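The values are calculated or read from the model by the stated rules, or taken from the named source; none is laboratory data. Values in this document were obtained by computation on a predicted structure and should not be read as measured data. Backbone-built Cβ (ideal geometry, glycine too); neighbour counts: all protein chains shown. The area values use the complete protein model at the heavy-atom level, side chains included, leaving out ligands, DNA and RNA. Shrake-Rupley method; radii C 1.70, N 1.55, O 1.52, S 1.80 Å.
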Amino acid sequence: MTKPGLAALLFPRTVAELAESYRRDEPMVVHGQRESLAALRTLPLVESLDALLRTWPEMVQAHLPDVADESHAVSVSPQDARKLFGNGMGLLFDDVHRYAPELNQWLEAIRTDVGLSALTLQRCLIYATPADKGTAWHFDQNVNFVLQVHGTKTWWLAPNEHVARPMTRHTIGQRVDSELQSYAKDPMLAEPPTNQREIVLSPGSLLFVPRGVWHATRASTDALSLNFTFSAPTWIDLFTAALRGKLALSRAWRETAAPTSTEAFDVLLRELAAEAPQWNAADILAVTDG
Ligand SMILES: [Fe+2]
């Protein structure tokens with residue numbers, strides 16, 4: 001049996017090639033029905049949309065047609081989801097690894113192969129997209145591996161020249177998150193980017209979508225894809241998590257903040273600054289990733 005992980009996902013391309021694409025924030029694609037992915041293709045969850053809807057025990061997210069984006073979605077029963085799909089609405093099944101334990105092994109193996117933190121939020125999603133529908137131009141803050149299981153879907157991708165390493169997703173034409181805007185080019189891109197790369201996914205294709213890359217999609221037939229999605233912490237997240245854990249041990253730092261009197265806060269900041277030269281990455285990572 002194939003060992004779950006990046007090598008199986010990418011075969012016959014290599015983990016080293018993925019590492020280079022990852023470093024450059026460039027998409028990477030592998031095409032064809034590959035034996036290394038037989039275990040994923042034959043999961044009952046992805047046999048067909050009808051089979052999935054028959055067994056899915058929860059609500060389904062249906063994407064409203066106005067923006068064709070997951071930020072505009074309603075939660076519906078599987079029965080209603082079938083009708084909405086027939087009316088041209090895309091469906092999202094969240095956290096599907098809870099119902100297919102073997103997917104947890106894949107998530108864990110891919111995360112460690114990519115070299116992401118143990119604090120990464122990892123999940124599998126299934127997207128069902130009706131023919132002629134897709135998603136509007138957007139970027140995500142997470143790293144994605146998309147396995148096309150049924151149907152054909154075109155992806156357009158473009159480098160993000162407006163913001164590097166975004167920590168929030170954004171869809172063209174939607175309100176820009178205020179923190180995102182604080183470190184993004186102003187104004188944010190308002191029209192589809194010009195330097196697009198087109199990639200057509202057919203059953204068996206595997207697409208690596210780097211964090212922050214602009215993308216839009218359109219299915220040419222009814223389509224179903226299985227996504228491995230990794231929301232990995234930044235250095236900011238690891239450092240602030242570790243710092244909070246440390247400061248929580250201090251009675252003085254736990255004092256209710258009184259912004260009108262700054263004396264005590266200044267003392268705490270000076271003490272912390274005096275300690276800072278001794279901090280090192282290994283000690284912090286032993287706490288967050290140990
Ligand atoms: Fe996306």
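At-a-glance table
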{"item": "The one condition in (1) open to solvent by less than 70 Å² (accessible area, probe 1.4 Å); (2) in contact (Cβ under 8 Å) with a residue 40 or more places away in the chain; (3) more than 30 Å from G32 (Cβ to Cβ); (4) not small (G, A, S) that V287 fails to fulfil", "result": "(1)"}
{"item": "Listing of strands (runs of 3 or more DSSP E) fully contained in the stretch 1-108 that carry 3 or more residues being more than 22 Å from S205 (Cβ to Cβ)", "result": "60-63, 73-76"}
{"item": "Any hit, the stretch 155-165, residues being more than 13 Å from the ligand (Cβ to nearest atom) and either within 22 Å of L64 (Cβ to Cβ) or among the acidic types (D, E) (or both)", "result": "yes"}
{"item": "Selected residue (only one of A16, A8, A51 is open to solvent by 20 Å² or more (accessible area, probe 1.4 Å) and either in contact (Cβ under 8 Å) with a residue 60 or more places away in the chain or not charged (D, E, K, R) (or both))", "result": "A16"}
{"item": "Sole exception among (1) surrounded by fewer than 22 Cβ atoms within 10 Å (Cβ to Cβ); (2) within 12 Å of the ligand (Cβ to nearest atom); (3) part of a strand (DSSP E or B); (4) not small (G, A, S) for Y127, by number", "result": "(1)"}
{"item": "Failed item in (1) buried (at least 17 other Cβ atoms within 10 Å of the Cβ); (2) in a helix (DSSP H, G or I), with L243 passing the rest", "result": "(1)"}
{"item": "Residue match in the stretch 29-40 (condition: under 17 Å from the mean Cα position of the chain (by Cα), over 30 Å from E191 (Cα atoms) and either crowded, with 17+ Cβ neighbours inside 10 Å or basic (K, R) (or both))", "result": "no"}
{"item": "Candidate set from the stretch 166-196 (those that are within 16 Å of the ligand (Cβ to nearest atom) and charged (D, E, K, R)); member that is farthest from the chain's Cα centre (by Cα)", "result": "D177"}
{"item": "Leading residue by the ranking (most open to solvent (accessible area, probe 1.4 Å)) among those in the stretch 274-284 that are part of a helix (DSSP H, G or I) and without any contact (Cβ under 8 Å) to a residue 24 or more places away in the chain", "result": "Q278"}
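For every residue, the table says whether it meets (1) farther than 26 Å from A39 by Cα; (2) charged (D, E, K, R).
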site	(1), (2)
R111	no, yes
G115	no, no
L121	no, no
C124	no, no
A128	no, no
T135	yes, no
F145	no, no
G151	no, no
T154	no, no
